Each structure stands twice: as structure tokens, then as C-alpha cells.
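Have a look at the structure below, then the notes.
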Amino acid sequence: MATELIHVGFGNVLAVNRVIAIVAPNSAPTKRLIQEGKNQGMTVDMTSGRRTKAVLVMDDGHIVLAAITPETITGRVFSARGTTGPRMVNNEDE
């Protein structure tokens, strides 16, 4: 499989085929994940000093911080692949 690179802002690119999850940084578990990654030296900060808007979990355990939203990242991935993306389902009513 070829490596897919996606621009995540400020001249930074990411191998998107190695991403397991893209999450917002707001929740306590995500904040703990970031802190644990920093303690282990497994965090890559691609924010250029901006506020973190997305946290990407990589297949090798690295945690990548990005200054663009998860929606923007997924939109860029689907745009690069020439697809419209998945159908988003709101399950909050359940």
C-alpha cells in the first residue's frame, strides 16, 4: 500500500494510512492520553504554538497534536481520495 500524506497545517504532513483515530482534545481521557504520550516521549506537536483542535492516535502508539479540527482532517482525506466521505449518524437521540 502506498503512503498517503495529508497536510495538517503549518507545513506539516501526516501519513494518514497510519492513523487509528482522530479525536477532539476536550475530554479528560484524551487529556490523560496526551499527558502519558508526553511523559513517554511519544507525542508529536504539529500545532506551531496554536491551540490543539485534534489529537491523532497513530498505529505505533505516537500521539499527534494538530491545530485543525477532526472534521477538516477527514474532509482533506476524503477530498484526496476523491470520495464524499462517510454518512454521519447522530445517535444522541437514543
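FYI, it's all coordinate maths here, none of it is from the lab. Because the structure is a prediction, the values reported are computed rather than measured. Here Cβ is always computed from backbone atoms with ideal geometry, including for glycine, and neighbour counts include all displayed protein chains.
Scanning the range 1-33 for residues that are within 16 Å of Lys53 (Cα to Cα) and among the small types (Gly, Ala, Ser) turns up Gly9, Ala21, Ala24, Ser27, Ala28.
Residues in the range 27-70 that are among the charged types (D, E, K, R), closer than 19 Å to Phe10 by Cβ and surrounded by 11 or more Cβ atoms within 10 Å (Cβ to Cβ): 3 in all.
Taking the range 43-83 as the range and being aliphatic (A, V, I, L, M) and touching a helix residue (DSSP H, G or I) at 6+ places or on another chain (Cβ under 6 Å) as the test, the residues that pass are Ala54, Val55, Met58, Ile63, Val77.
Check Arg76 against each of (1) part of a loop (DSSP other than H, G, I, E, B); (2) of a type outside the set (A, V, I, L, M, F, W, C); (3) touching a His at 6+ places or on another chain (Cβ under 9 Å) and name the one condition it does not meet. With (1) part of a loop (DSSP other than H, G, I, E, B); (2) of a type outside the set (A, V, I, L, M, F, W, C); (3) touching a His at 6+ places or on another chain (Cβ under 9 Å) applied to Arg76, the lone miss is (1).
Check Lys31, Lys53 and return the single one that is among the basic types (Lys, Arg) and without any contact (Cβ under 8 Å) to a residue 12 or more places away in the chain. After ruling out the rest, the residue left standing is Lys31. Listed by first and then second residue, the pairs with beta-carbon distance under 6 Å, at least 6 apart or on different chains, first residue in the range 1-28 and on the phi > 0 side of the Ramachandran plot, second among the hydroxyl-bearing types (Ser, Thr, Tyr), are Phe10/Ser48.
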